[in-house]
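See below for the structure under consideration.
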Amino acid sequence: MPDPTPTESATLMRLVGRVESRRVLRPAQDGPRMEISFSAALTSGRLGSGSAACSFIGHLEPGGRYQWQGRGALFLSAGTVTTRSWGRGQRQGNTIVYQGAMAFHAHTPSLDWLDGLQASFEYVQDLASLEVTVHCQESPAFHNHLPQQKGISPC
């Protein structure tokens, strides 16, 4: 697939999947925390087809907004890539919508171009069906670093 022009951002991947597990964690001082794990198929984008396994910790802050941090593994035909992600979100009707940034670490030379890449994405989870959709695209507006972590987290 050709590289995007400087004025457009490329869709890296679109994931469609389902929540596999939810686990309530020890609450932080200012609100409850939960770990959510999901698996998904990569259905389109520059990374091609493959599958993903992801987990993140969501922390409900006062005012009803969520802050989260997560990790994932992408299993692509060219090799494996691990991810770190972070951002904020909130409940919107029967869905939870998170928006944030993602950093990548390739575990094969053919995917090393991902190591310095910055991406933004939107995660949408249906609370009734537990279906998940993630749309991720290149975004030079995000810095490739993680925020300070609150509390003890497996992520």
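Couple of notes before you dig in:
- Apolar share of the accessible surface for the range 55-138: 50 percent from carbon plus sulfur atoms, 1.4 Å probe.
- Net length gained if the chain between Glu61 and Val97 were fully extended (0.36 nm per residue, minus Cα distance): 11.5 nm
- 1.4 Å probe accessible area per residue over the range 75-142, in Å²: 47 Å²
- The range 1-116 shape via C-alpha gyration tensor axes, a/c threshold 1.5: prolate
- Taking 18 Å as the cut-off, the amide N atoms of the range 6-47 that come nearer than this to a point 7 Å along the Cα-to-beta-carbon line of Phe75 belong to 14-21, 37-44, 47.
- Amide H contacts of Leu117 (H built 1.01 Å from N, under 5 Å, at least 5 apart or other chain): Phe104
- Computed over neighbours whose Cβ is under 13 Å from that of Gln125, the net charge equals -1, Lys and Arg +1, Asp and Glu -1.
The values are calculated or read from the model by the stated rules, or taken from the named source; none is laboratory data. Being a predicted model, the structure only gives us computed values, none of them experimental. Here the Cβ is made from the backbone with ideal geometry for all residues, glycine too, and neighbour counts use every protein chain on show. Side chains are part of the model used for accessible areas, which takes the heavy atoms of the whole protein and leaves out ligands, DNA and RNA. Shrake-Rupley method; radii C 1.70, N 1.55, O 1.52, S 1.80 Å.
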